[in-house]
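What follows is a short report on a single structure.
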Amino acid sequence: MTADRSPASHRRLSRRTLLRWSSVAVGGLGLATTTACGASDDDADRADPLEPQIARARTDAATATALVALLPDSAAALTTIAEQRTAHADVLEAEVARMRGATTSFTPSSTTPALPSGDPPTLEQLRERLARSQREAADLARILSGYRAGVLASISAACAVQTEVLL
Amino acid sequence: MSTPGLGPEQQSLVDALAAEHAAVFGYGIVAAFADPWADAVAEDTAAHRARRDATIEALHAASVEPPVAAPGYTVPFPVTDPDSAARLAEQIENDTAVAWRSVVERAHSESTRGAAITALTEAALRAARWRVRLGAPPSLPFPGQP
């Protein structure tokens, strides 16, 4: 929906101004990032805070996939959840790789995540896992900024939809 | 709409408020045609009014004059029946989700980010429920991602 009162030329101008503000934001962020990198030079292999979220997403996806065979009636929703959590893991992995720098060669992990051992998963367990994934992604988004905060917020919202609408 | 002199967080809140004004207007059109889902329309409209008012308060608190609603809005396609009304509702939710994701990315304060994450999540849930009513695949992997 667009407001009637802004003529097209105005809107283009606004867009440019918006972009200018965005680049100010990105500039500020870049500075912050540089400072942060400088501080952690002697701790180069410190774990990226996104990594636990990647592992969670892969395990959620594996749990949903394992449930498809057990609950054929919910197969469509479970398959969607598995696909979305895999997409979440892939996007976060790409962001971790980008942050580490293009010089470091990056091999996407093709390992199958281990399901929590023991009995086959239940729908209730998946629901609880996804609710926790929603909370953890939101908590992390709150203390990060820029793209990282944004993508985690979208992931958190997707998990909310998975538990409250899909399942 | 961009206002000179605003920082990125304030500008993102001004943009989100514009999206919420548009949402309140748009749900008025949805209400005229979405008879089968009158309860959902009432609930969603109330949610957008509450979010709009909270955003106005947040801007006041930041000493920013909140923009008022436009006198009219262009609806992206003709709304003539429950189906097209539901599609408009879904689009409104997607638009507000995009606006709130942008606030998450541009906010400096944790409290603004927290509020924006909640607003994004609520819009994603409403969008998904409208898709269910439309018989469409209910969800997107990254709600609010433009």
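The values are calculated or read from the model by the stated rules, or taken from the named source; none is laboratory data. Keep in mind that this is a model prediction, so the values were computed, not measured. As a convention, Cβ positions derive from the backbone with ideal geometry for all residues, glycine included, and neighbour counts pool all protein chains shown.
Conditions: (1) within 14 Å of another protein chain (Cβ to nearest Cβ); (2) of a type in the set (Val, Ile, Thr); (3) touching a helix residue (DSSP H, G or I) at 6+ places or on another chain (Cβ under 6 Å); (4) closer than 30 Å to B:TRP37 by Cα. B:THR74 meets all but one. Number of the miss?
With respect to (1) within 14 Å of another protein chain (Cβ to nearest Cβ); (2) of a type in the set (Val, Ile, Thr); (3) touching a helix residue (DSSP H, G or I) at 6+ places or on another chain (Cβ under 6 Å); (4) closer than 30 Å to B:TRP37 by Cα, B:THR74 is out only on (3).
Can you confirm whether B:ALA62 is more than 11 Å from chain A (Cβ to nearest Cβ) and hydrophobic (A, V, I, L, M, F, W, C)?
Details: more than 11 Å from chain A (Cβ to nearest Cβ): yes; hydrophobic (A, V, I, L, M, F, W, C): yes.
For B:ALA62, the condition - more than 11 Å from chain A (Cβ to nearest Cβ) and hydrophobic (A, V, I, L, M, F, W, C) - is met.
Any chance the stretch B:77-97 includes a residue that's more than 12 Å from chain A (Cβ to nearest Cβ), closer than 29 Å to A:ALA141 by Cα and in a helix (DSSP H, G or I)?
Quick first cut of the stretch B:77-97, residues more than 12 Å from chain A (Cβ to nearest Cβ) only: B:78, B:80-87, B:90.
Restricting the remaining residues to those that are closer than 29 Å to A:ALA141 by Cα gives B:90.
Checking the rest, the ones that are also in a helix (DSSP H, G or I) come to B:90.
Checked the stretch B:77-97: at least one residue is more than 12 Å from chain A (Cβ to nearest Cβ), closer than 29 Å to A:ALA141 by Cα and in a helix (DSSP H, G or I).
Could you please find all residues in the stretch A:52-74 being part of a helix (DSSP H, G or I), aliphatic (A, V, I, L, M) and away from chain B (no Cβ under 14 Å)?
Filtering the stretch A:52-74 down to residues part of a helix (DSSP H, G or I) leaves A:52-70, A:72-74.
With the extra rule that they be aliphatic (A, V, I, L, M), the set shrinks to A:54-55, A:57, A:61-62, A:64, A:66-70.
The answer is A:ILE54, A:ALA55, A:ALA62, A:ALA66, A:LEU67, A:VAL68, A:ALA69, A:LEU70.
Please list, ordered by first then second residue, the pairs with beta carbon atoms under 7 Å, 6 or more apart or interchain, first in the stretch B:130-142 and over 26 Å from A:ALA141 (Cα atoms), second buried (at least 18 other Cβ atoms within 10 Å of the Cβ) and modelled with pLDDT under 90.
Final answer for the pair search is B:ARG131/B:PRO138; B:VAL132/B:PRO138.
Look through B:ASP15, B:ASP39 and report the one residue that is free of Cβ contacts under 8 Å to residues at least 24 places away in the same chain, part of a helix (DSSP H, G or I) and either surrounded by fewer than 18 Cβ atoms within 10 Å (Cβ to Cβ) or within 10 Å of chain A (Cβ to nearest Cβ) (or both).
Numbers: B:ASP15 fails: free of Cβ contacts under 8 Å to residues at least 24 places away in the same chain.
Exactly one of B:ASP15, B:ASP39 is free of Cβ contacts under 8 Å to residues at least 24 places away in the same chain, part of a helix (DSSP H, G or I) and either surrounded by fewer than 18 Cβ atoms within 10 Å (Cβ to Cβ) or within 10 Å of chain A (Cβ to nearest Cβ) (or both), namely B:ASP39.
Being part of a loop (DSSP other than H, G, I, E, B), of a type in the set (Gly, Ala, Ser) and at the interface with chain A (Cβ under 7 Å from one of its Cβ atoms): is that true of B:ALA128 here?
Details: part of a loop (DSSP other than H, G, I, E, B): no; of a type in the set (Gly, Ala, Ser): yes; at the interface with chain A (Cβ under 7 Å from one of its Cβ atoms): yes.
Criteria not met by B:ALA128.
Considering only residues that are more than 8 Å from every other protein chain (Cβ to nearest Cβ), more than 13 Å from B:GLU20 (Cβ to Cβ) and under 17 Å from the mean Cα position of the chain (by Cα), which ones fall in the stretch B:98-117?
Residue satisfying the conditions is B:THR112 alone.
Would you pick out the residues in the stretch B:103-129 that are touching a residue at least 40 places away in the same chain (Cβ under 8 Å), hydroxyl-bearing (Ser, Thr, Tyr) and surrounded by 17 or more Cβ atoms within 10 Å (Cβ to Cβ)?
B:THR112, the sole residue that qualifies.
Hey, could you check the stretch A:126-167 for residues that are facing chain B (nearest Cβ under 10 Å) and not in a helix (DSSP H, G or I) and say which is surrounded by the fewest Cβ atoms within 10 Å (Cβ to Cβ)?
Per the criteria, the residue is A:LEU144.
Does the stretch B:27-34 contain any residue that is in a helix (DSSP H, G or I) and over 19 Å from B:ARG126 (Cα atoms)? So that I can check it myself, show each step before the final result.
Within the stretch B:27-34, the first condition is being in a helix (DSSP H, G or I), and the residues that meet it are B:27-33.
Filter once more, keeping what is over 19 Å from B:ARG126 (Cα atoms): none.
No.
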